[in-house]
Amino acid sequence: MSAQELRDKTPDQLRDELTSLKKEAFNLRFQQATGQIENTARMRQVRRDAARVKTILNEKAAAAATEA
């Protein structure tokens, strides 16, 4: 998921996306602990996507604060 795609979304959509990424990361951690994980690179991708979403949310919050 690219940063440009995320910037086009609303803050509510970004929060929903962050929630789903956190759930996926949780499930991947359980799969890793039980030895059932198939794509170990997905964990890194999910973590980075979550960080990207948080960054965009902070940017939007800062922009809204400077406008007000």
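The values are calculated or read from the model by the stated rules, or taken from the named source; none is laboratory data. Nothing here was measured: the structure is a model prediction, and the numbers come from that model. Heads up, the Cβs are rebuilt from the backbone with ideal geometry, glycines too, and the neighbour counts pull from every protein chain shown. Each accessible area value is taken on the protein alone, full model and side chains, heavy atoms only, with ligands, DNA and RNA left out. Shrake-Rupley method; radii C 1.70, N 1.55, O 1.52, S 1.80 Å.
Ellipticity at 222 nm from helices only: DSSP H runs of n ≥ 4 in the chain, each -39500 (n - 2.57), divided by the residue count, give -28000 deg cm²/dmol.
For the chain, the convex hull spanned by the alpha carbon atoms encloses 74 Å³ per residue. Given R0 = 30 Å, the distance between the Cβ atoms of ALA64 and ALA41 translates into a calculated FRET efficiency of 0.30. Solvent-accessible surface of protein heavy atoms, probed at 1.4 angstrom with all chains present, puts MET1, MET43 in the order MET1, MET43, largest first. Summing charges over all other residues whose Cβ lies under 13 Å from the Cβ of ALA3, with Lys and Arg as +1 and Asp and Glu as -1, gives +1.
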